[in-house]
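Colleague: Questions regarding the structure given below will be posed in turn.
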Amino acid sequence: MREALTILGFGRCHHMSEVMGNEDQKRLWRALAKGAAPDWNQLFAGYASCIDWPSAHYWRDLIEFYPNARVILTYRSPESWWASFEKTILASISQSTDQESLGLALISRQVFDGRPHDRANAIAVYEANVRAVIATVPPGRLLVHNLGDGWKPLCLHLEVPVPDKPYPNRNSTKDFQSALAQN
């Protein structure tokens, strides 16, 4: 989705990889996870859109702060989500020794109540979040973009033409693990 948004002109797109590779971003997001007041203009300075962690956790705040922004909920079945989460984010959390990392401080402790390894709990949290987004974001502002939907619904929602190139496929488990190894 990050690559798709960039291709469509909604990039530079904020993503967890931006945080992992930038000490200022780490500091700002870690402070927010500890309870600091959000300064969204500072957190997203230089970015035209955002997806993924850590911004996804703050979606309620972000839809209020950016009242005209379109919202995209990338969706996959709970089983597919768990399989991906387990091999990527959960694996990263499990290996982390940095107690202030966003993986531990935000994702593990705050989102999954300290139980990210508990499959049933994690899936329940995922499903509750999906329901909350759908119930909260006005339908004309929200696109539920299923894995594999491609360009057409995304471009229709964002009111841009469909590009003449294949829909990107990035951030695979292998890509995630390679990026993690570099940080």
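Colleague: Obtain the nm distance between the two label points defined at TRP40 and ALA132 by a simple spin-label model: each point lies 7 Å from its Cα along the Cα-to-C-beta direction.
Modeller: Output for this residue pair reads 1.6 nm.
Colleague: Using Cβ counts within 10 Å as a stand-in for footprinting exposure, how do CYS50, CYS155 rank, fewest first?
Modeller: Exposure proxy ranking, most exposed first: CYS155, CYS50.
Colleague: Can you give me the angle between helix 23-33 and the longest principal axis of the chain, using Cα atoms only, in degrees from 0 to 90, rounded to the nearest 10?
Modeller: 80 degrees
Colleague: Here's a follow-up. Neighbour counts of other C-beta atoms within 10 Å: give me SER96, SER17 arranged from fewest to most.
Modeller: Ordered by Cβ neighbours within 10 Å, fewest first: SER96, SER17.
Colleague: Mind pulling the angle between the C-alpha long axis of helix 78-87 and the longest principal axis of the chain? Nearest 10 degrees, somewhere in 0 to 90.
Modeller: Computed tilt is about 50 degrees.
Colleague: In the chain, with Lys and Arg counted as +1 and Asp and Glu as -1 at Cβ, which of these residues, ALA48, TRP82, GLY148, has the Cα nearest the positive end of the dipole, that is, farthest along it?
Modeller: GLY148
Colleague: Of ALA122, ALA135, ALA33, which has the largest mean-square fluctuation in a 10 Å C-alpha GNM of the chain?
Modeller: The residue that fluctuates most here is ALA135.
Colleague: Round to the nearest 10 and give me the degree value, 0 to 90, for the angle of helix 173-182's Cα axis relative to the longest principal axis of the chain.
Modeller: Rounded to the nearest ten degrees, it is 50.
Colleague: Something else about it: Students often get this wrong, so try it: which of [x] 1.31; [y] 0.93; [z] 1.18 is Rg/Rh (Cα atoms, Kirkwood Rh) as calculated from the structure shown?
Modeller: Derived directly from the coordinates: [y].
Colleague: Hey, another quick one. So, in nm, how far is label GLU64 from label THR6 when the simple model puts each one 7 Å beyond its Cα toward the Cβ?
Modeller: 3.2 nm
Colleague: Treating the beta-carbon of each Lys and Arg as +1 and of each Asp and Glu as -1, no other charges, what is the dipole magnitude of the stretch 2-182 about its Cα centre, to the nearest 20 debye?
Modeller: The dipole of the stretch 2-182 has a size of about 140 debye.
Colleague: As a test of the formula, what do you get for the chain when each DSSP H run with n ≥ 4 contributes -39,500 (n - 2.57) and the sum is divided by the residue count, at 222 nm and rounded to the nearest 500 deg cm²/dmol?
Modeller: After summing the helix terms and dividing by the residues of the chain, the value is -13000 deg cm²/dmol.
Colleague: Taking 0.36 nm per residue of separation and subtracting the Cα-Cα distance, what length does fully extending ALA83 through ARG27 add?
Modeller: 17.2 nm
Colleague: Taking the number of other C-beta atoms within 10 Å as the exposure measure, put THR97, THR136, THR88, THR6 in order starting with the fewest.
Modeller: Listed from fewest to most nearby Cβ atoms, that is THR97, THR136, THR6, THR88.
Colleague: Using a Gaussian network model on the chain with a 10 Å cutoff between Cα atoms, which of PHE112, PHE65, PHE85 fluctuates the most?
Modeller: PHE65
Readers should treat all values here as calculations from the given coordinates under stated rules, not as data from a laboratory. Predicted, not measured: the structure shown is a model, and the values here were computed from it. We place every Cβ from the backbone using ideal geometry, glycine too, and count neighbours over all the protein chains shown.
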